[in-house]
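Bear in mind these aren't lab numbers, they're just calculated from the coordinates by the rules spelled out. Bear in mind the structure is a predicted one, so any value in this text is a computation, not a measurement. Here the Cβ positions follow ideal geometry from the backbone for every residue, glycine too, while neighbour counts run over all protein chains shown.
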Protein chains: 2
Amino acid sequence: MSIASDLIRGHTDSIILARLMGGDNYGYEINKSIQQKTDGKYELKEATLYTAFRRLEQAGCISSYWGNERTGARRRYYSITDSGRDTYEKLIREWQSAKEMIDKLIETEEE
Amino acid sequence: MSIASDLIRGHTDSIILARLMGGDNYGYEINKSIQQKTDGKYELKEATLYTAFRRLEQAGCISSYWGNERTGARRRYYSITDSGRDTYEKLIREWQSAKEMIDKLIETEEE
DNA sequence: AAATATACATTGACAGGCGAGGTATATTGT
DNA sequence: ACAATATACCTCGCCTGTCAATGTATATTT
């Protein structure tokens, strides 16, 4: 399970939305890009990934449609909505402040 | 509930251990110090706090003893163990790398 | 013909966070 | 005197997110 599986908990939505900010994409490919970006150190488990898609779609952050592949397995593409873009920006801001907060809280202060 | 309640999920143990690196302390006071450090933007909920103490004690990261107050409510003090110190250092390192990883994953890349 | 890669999906168990409730003592306000 | 607030601890039960296991279907490689 390599590092940090627990620490990334809660960032799944942000990660997926970030991937979709660059354009429509489908689940398998999104997960591949996450693995590449982290040099194989992290990946979303499939169950987690697809649960997140349902959650985000129900929340109106993304919409989906079937691709029209003539060959290979079918793909369900996801598209970020305007609301999703807002949510993404909000999550980014929250992450920035949470990061500072956590840094402040877990460092031992030298007085 | 202010910011980032969800984002700090999973950092409870690190936060508590960090507080105890500075010396023994008791629950109520630990939580107060967290509120102060974050200017009231964050606090551990009591249920979360005491659950974490049990978890950490069972894991051998901390030990506890009753204070001998002559007045006021009784206090249970916690002390970080050597094993707890190791765990703390490990969690700090994991946080550093998780932070980088998340930053990389949630930013939209400009190519 | 079998194995692997692509691609999606669900179920059920588990863990952590937390609202709600409870106990007890000391101080402050009216 | 009495109520309210602050200090200080604790537990139960729900909710949510993660994930192992399992299943489906198609295409390619061995």
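Since A:ARG70 meets every condition but one in (1) over 17 Å from B:MET101 (Cα atoms); (2) in contact (Cβ under 8 Å) with a residue 12 or more places away in the chain, which condition does it not meet? All conditions pass for A:ARG70, except number (2).
Residue-wise test of (1) within 10 Å of chain A (Cβ to nearest Cβ); (2) more than 23 Å from B:LYS90 (Cα to Cα).
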site: B:ILE8; (1), (2): yes, no
site: B:HIS11; (1), (2): yes, no
site: B:SER14; (1), (2): yes, no
site: B:ALA18; (1), (2): yes, no
site: B:ASP24; (1), (2): no, no
site: B:ILE34; (1), (2): yes, no
site: B:TYR42; (1), (2): yes, yes
site: B:TYR50; (1), (2): no, no
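Looking only at residues in the range B:53-101 that are out of contact with any Cys (no Cβ under 9 Å at 6 or more places or on another chain), closer than 16 Å to B:ASP24 by Cβ and among the small types (Gly, Ala, Ser), the one that is farthest from the other protein chains (Cβ to nearest Cβ) is B:GLY67. Filtering B:GLY40, B:GLY67 for residues that are over 15 Å from the mean Cα position of the chain (by Cα) and within 12 Å of DNA strand D (Cβ to nearest atom) leaves a single hit, B:GLY67.
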